[in-house]
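Before any comments, here is the structure.
The values are calculated or read from the model by the stated rules, or taken from the named source; none is laboratory data. What you are looking at is a predicted structure, and each value in this text was computed from that prediction instead of being measured. Positions of Cβ are generated from backbone atoms using ideal geometry, with glycine treated the same way; all protein chains shown enter the neighbour counts.
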Amino acid sequence: MASVSLLGLLWSALRQVVEKAEERFKRWTKPATCTLLEGVAADLLQTKPELVAENALLRQQLIVSERQVKHPTFTSFDRGLFVVLASRLPNWKRALLIVKPDTLLKWHRRGFKLFWRHKSRGSARQPRLDEETIALIKRMAVENRRLLPSSVRRQSNWEWLGDKRIGTTTPNLLSLTVSHGV
């Protein structure tokens, strides 16, 4: 009997220790909440443009959260606006309520990638060969079908033109001629 009461006593003591540890863990991991007075004091230290940007970021989050009840979906405009507004705030992580900071950084990386992909695309340029040479290449390809099977033969047959720019242009034009029957 004594061993049963001792075991029960140890079990209840262990349960109390675990409960206390859980309480402390919850307190440590709970996000820091500031009081109204602390928030106002922090806002007094910010410049007016920072306050306007933070206000706009918070308003946009409200707009998105009012659109849907359960899980808000963000349009590409919302994502871009969040990224731009957050870039104007020194403490942007503090102003995010419905978006994780990692998600915002992911959107920023994706937008950066899209921007530079668009920026690095070459603009449509004029062909390096004049229209007269292109017409000659197409006409000769139609008249002499033996040029078409081998790219090596094509290259050697065009050497007599003496134009070094023909390198890759000629095979491209010849393949267009064959496929479209020009």
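Report whether or not residue 105 is of a type outside the set (Ser, Thr, Tyr), surrounded by 11 or more Cβ atoms within 10 Å (Cβ to Cβ), over 13 Å from the mean Cα position of the chain (by Cα) and in the same structural domain as residue 55 (by TED's automatic domain parsing).
When the stated conditions are applied, residue 105 does not pass them.
This table checks each residue for (1) over 30 Å from residue 38 (Cβ atoms); (2) in contact with a Leu (Cβ under 9 Å, 6 or more places away or on another chain); (3) not charged (D, E, K, R).
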{"site": "66", "(1), (2), (3)": "no, no, no"}
{"site": "87", "(1), (2), (3)": "no, no, yes"}
{"site": "92", "(1), (2), (3)": "no, yes, yes"}
{"site": "100", "(1), (2), (3)": "no, no, no"}
{"site": "129", "(1), (2), (3)": "yes, yes, yes"}
{"site": "133", "(1), (2), (3)": "yes, yes, yes"}
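Kindly indicate which of 136, 129 is out of contact with any strand residue (DSSP E or B) (no Cβ under 7 Å at 6 or more places or on another chain), modelled with pLDDT of 60 or more, in a helix (DSSP H, G or I) and surrounded by 12 or more Cβ atoms within 10 Å (Cβ to Cβ).
136
Starting from residues that are farther than 20 Å from residue 42 by Cβ, in a loop (DSSP other than H, G, I, E, B) and of a type in the set (S, T, N, Q), keep the ones in the stretch 54-106 and report whichever is modelled with the lowest pLDDT.
My answer is 68.
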